[in-house]
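Engineer: Quick one: the structure is below, questions incoming.
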Amino acid sequence: MSDFPNSYYAASLNRNKKSYSKLTGNYDCDVCVIGGGFTGLSTAIEASKQGLKVMLIEQNIIGWGASGRNGGQIWNDVSWGIENIEKNYGFTHANQLWNISQAAVELIDERIAEFGIECDKKNGGINAATSPSKFREYVKNSEYKLKTFNYNKMEVLSKIQTQEEIGSSIYHGGILDHGAGHLHPLKYSLGLMDGAEQLNVKIFENSQVKKINQARDFIEVLTPDGQVKAKKIAVCCNAYLKGLNLGIENKIMPCATYIVCTETLESELQNFILQNDYCVSDTNFDLNYYRLSESKRMLFGGVVGYSLRNVERLKKRTKAQLDKVFPQLKSLKVDYIWGGYIAITVNRVPDIGMLNDRVFYAHGFSGHGVAFTGIAGKILAESMASEKTVELEAFEKIKHRKFPGGRIFRMPLLVTISAMQRMMDIFNA
Ligand SMILES: Cc1cc2nc3c(=O)[nH]c(=O)nc-3n(C[C@H](O)[C@H](O)[C@H](O)COP(=O)(O)OP(=O)(O)OC[C@H]3O[C@@H](n4cnc5c(N)ncnc54)[C@H](O)[C@@H]3O)c2cc1C
């Protein structure tokens, strides 16, 4: 099975990763977690804290999926926007989800402190507007959050302030969110893995779950060489969920996104580009998301597609996006490029729920998973340990439509939608 992709994150790990054996033979447990990313690790940690006997099964190695490859950016809110939740579901519901999204961000710092995770965490992120109308929209949104939820961590940056802060002349203004931040996602994943192990979670790697049988009193989880009989299971496979036939696959669409990592910026450039080490996400649909690494390389993501095949072409496309934002970095060499799959839902709100009393799942974080996955795991674990929590109910009340088409047809559909949205971005600029 697979190792980490050749990413900057894998190259800058400050440790050797511990390996875990394949699942062979028969086991029993209270909770079997499928998937060794942020969601699965968080579920396992919290279920174990609830006194349950927990096993976690990963088809490759811990942190192999999106959790070990992402942009590392931590943002609150759901991707759809909390104001849309309020419009469609009312204030009480919006307030509940908003509080969960705040708790999600706080949980990262709590976990870092609890397990002593060294993952280069930094505070602050800028939402940068690529047109005056986007800027007005952003300002309105920050006013809404202040007025509705008393969220006072957002600071409006004028056009000049935004350009100076970022070191790019393309922006028309921005919002600096002091509650946002960024981290090294693979270091964080492995820190959670250590935490899970300390809490006696039994981890298996290179063990692909091929089948799930639901009996009356237990669930049977089958891999090629072994099986686990569990009272409850948590399916935490996100965009990599495939073939388990649980009826939840078409509520998400896997969508590939790519990151390039340049060589280290010269020290003179470091004085002008992201001088305060904030991460940035800009407002196009094919959003650009970028930040500096601990070693002052530019980590720049953005291109969305549906195939990880033609790497050289993707490298060119992503570097071209980077050059548009930072022409000063045109001559910088790209040292790494990698991609991975995110899972989006139709309404861009995570899909967290239970199929029955024994089968729980969380996926479809729609680009906000660095923060949301942790709290999703906590919500699943608490609901598995006793009664369904009010937080889980809050997510279950959100209606999720299914994407039309099978896995193969869902992805080209997204690319068509993205292309249309890109055109709209150009017209609205
Ligand atoms: C390039 C990229 C950039 C991103 N940038 C950001 C960002 O800056 N900010 C943000 O908030 N979000 C970002 N995301 C999204 C974020 O990474 C995800 O939302 C989050 O990591 C999802 O975590 P997860 O644990 O649910 O899924 P994953 O980390 O993908 O883990 C799922 C795991 O399940 C395993 N699995 C699947 N099927 C099976 C099976 N049958 N048996 C056993 N194991 C199985 C997989 O191997 C995988 O390891 C980005 C994603 C990518 C790919």
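The values are calculated or read from the model by the stated rules, or taken from the named source; none is laboratory data. For clarity, every value in this text was computed on a predicted model and none was experimentally measured. Because the Cβ atoms are built from the backbone with ideal geometry, glycine has one as well, and the counts that use them run over all protein chains shown.
Engineer: Looking only at region 336-360, count every residue that is within 10 Å of the ligand (Cβ to nearest atom) and either more than 29 Å from Arg313 (Cβ to Cβ) or not in a strand (DSSP E or B) (or both) and tell me the total. Even if it seems obvious, please write down each step before you answer.
Structural biologist: Applying the first criterion (within 10 Å of the ligand (Cβ to nearest atom)) to region 336-360 yields 338-344, 350.
If we keep only those that are either more than 29 Å from Arg313 (Cβ to Cβ) or not in a strand (DSSP E or B) (or both) too, we end up with 350.
Residues that pass the stated criteria total 1.
Engineer: Looking at (1) over 20 Å from the mean Cα position of the chain (by Cα); (2) at pLDDT 95 or above; (3) more than 16 Å from the ligand (Cβ to nearest atom), which is the only condition Asn16 fails?
Structural biologist: Among (1) over 20 Å from the mean Cα position of the chain (by Cα); (2) at pLDDT 95 or above; (3) more than 16 Å from the ligand (Cβ to nearest atom), the lone unmet condition for Asn16 is (2).
Engineer: Take the residues of region 22-36 that are surrounded by fewer than 24 Cβ atoms within 10 Å (Cβ to Cβ) and over 14 Å from Phe360 (Cα atoms): which is nearest to the ligand (Cβ to nearest atom)?
Structural biologist: Out of the qualifying residues, it is Lys22.
Engineer: Let me ask you something else. Hey, Asp177 hits all of (1) acidic (Asp, Glu); (2) away from the ligand (no atom under 14 Å from the Cβ); (3) within 30 Å of Glu114 (Cβ to Cβ); (4) assigned by TED's automatic domain parsing to the domain that holds Val139 but one; which does it fall short on?
Structural biologist: Failing condition for Asp177: (2).
Engineer: Scan region 63-77 for residues that are aliphatic (A, V, I, L, M) and near the ligand (Cβ under 6 Å from one of its atoms) and jot them down.
Structural biologist: Ala66, the sole residue that qualifies.
Engineer: Looking at region 46-62, which of the residues that are more than 27 Å from Phe300 (Cβ to Cβ) and in a loop (DSSP other than H, G, I, E, B) is farthest from the ligand (Cβ to nearest atom)?
Structural biologist: Once the filter is applied, the top-ranked residue is Gly51.
Engineer: Let me ask another. Picking from Val228, Val260, which residue would you name as being touching a Lys or Arg at 6+ places or on another chain (Cβ under 7 Å) and within 15 Å of the ligand (Cβ to nearest atom)?
Structural biologist: On inspection, the qualifying residue turns out to be Val260.
Engineer: Step by step: first the residues of region 239-290, then only those that are assigned to a loop (DSSP other than H, G, I, E, B) and touching a Ser or Thr at 6+ places or on another chain (Cβ under 9 Å), then the one that is surrounded by the fewest Cβ atoms within 10 Å (Cβ to Cβ). Which residue is that? Steps first, answer last, please.
Structural biologist: Applying the first criterion (assigned to a loop (DSSP other than H, G, I, E, B)) to region 239-290 yields 241-248, 252, 265-266, 271-278, 283-288.
In the following step, the residues that additionally are touching a Ser or Thr at 6+ places or on another chain (Cβ under 9 Å) were identified as 252, 273, 283-288.
Details: Ile252: 27, Ile273: 20, Thr283: 21, Asn284: 20, Phe285: 14, Asp286: 16, Leu287: 18, Asn288: 22.
Step by step, filter region 239-290, then rank; the result is Phe285.
Engineer: If you take the residues of region 85-140 that are aromatic (Phe, Trp, Tyr) and touching a Gly at 6+ places or on another chain (Cβ under 9 Å), which of them is surrounded by the most Cβ atoms within 10 Å (Cβ to Cβ)?
Structural biologist: For region 85-140, the residue satisfying everything is Phe135.
Engineer: Would you be able to tell me the number of residues in region 366-402 that are in contact with a His (Cβ under 9 Å, 6 or more places away or on another chain) and not in a helix (DSSP H, G or I)?
Structural biologist: So the count comes out to 2.
Engineer: Given the structure, is Arg313 in a helix (DSSP H, G or I) and either among the basic types (Lys, Arg) or within 13 Å of the ligand (Cβ to nearest atom) (or both)?
Structural biologist: Here the answer is yes, as Arg313 does meet what is asked.
Engineer: Being within 25 Å of the chain's Cα centre (by Cα) and touching a residue at least 12 places away in the same chain (Cβ under 8 Å) is the filter here; which residues of region 312-325 pass it?
Structural biologist: Leu314, Lys315, Arg317, Thr318, Lys319, Gln321, Leu322, Val325
Engineer: Go through Leu287, Leu299 for me and flag whichever is at pLDDT below 95 and within 11 Å of the ligand (Cβ to nearest atom).
Structural biologist: That would be Leu287, the only listed residue that is at pLDDT below 95 and within 11 Å of the ligand (Cβ to nearest atom).
Engineer: What tally of residues in region 384-401 results from selecting those that are touching a strand residue (DSSP E or B) at 6+ places or on another chain (Cβ under 7 Å) and within 17 Å of Ser42 (Cα to Cα)?
Structural biologist: Of the residues in that region, 2 qualify.
Engineer: From the list Thr43, Thr39, pick out the single residue that is assigned to a helix (DSSP H, G or I) and within 7 Å of the ligand (Cβ to nearest atom).
Structural biologist: Details: Thr43 fails: within 7 Å of the ligand (Cβ to nearest atom).
The conditions single out Thr39.
This table checks each residue for (1) assigned to a loop (DSSP other than H, G, I, E, B); (2) buried (at least 18 other Cβ atoms within 10 Å of the Cβ).
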site: Asn206; (1), (2): yes, yes
site: Val209; (1), (2): yes, yes
site: Asp217; (1), (2): yes, no
site: Lys229; (1), (2): no, no
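Engineer: Filter region 63-83 for residues that are among the polar types (S, T, N, Q) and part of a helix (DSSP H, G or I) and give the result.
Structural biologist: Ser67
Engineer: If a residue counts only when it is aliphatic (A, V, I, L, M) and in contact with a helix residue (DSSP H, G or I) (Cβ under 7 Å, 6 or more places away or on another chain), which helices (runs of 4 or more DSSP H) contained entirely in region 84-202 have at least 3 such residues?
Structural biologist: 91-115, 185-198
Engineer: I need every pair where a residue in region 369-388 that is under 13 Å from Phe38 (Cβ atoms) has its Cβ under 6 Å from the Cβ of a residue that is within 8 Å of the ligand (Cβ to nearest atom) and of a type in the set (Lys, Arg), sequence separation at least 6 or different chains.
Structural biologist: Correct list of pairs: empty, since none qualify.
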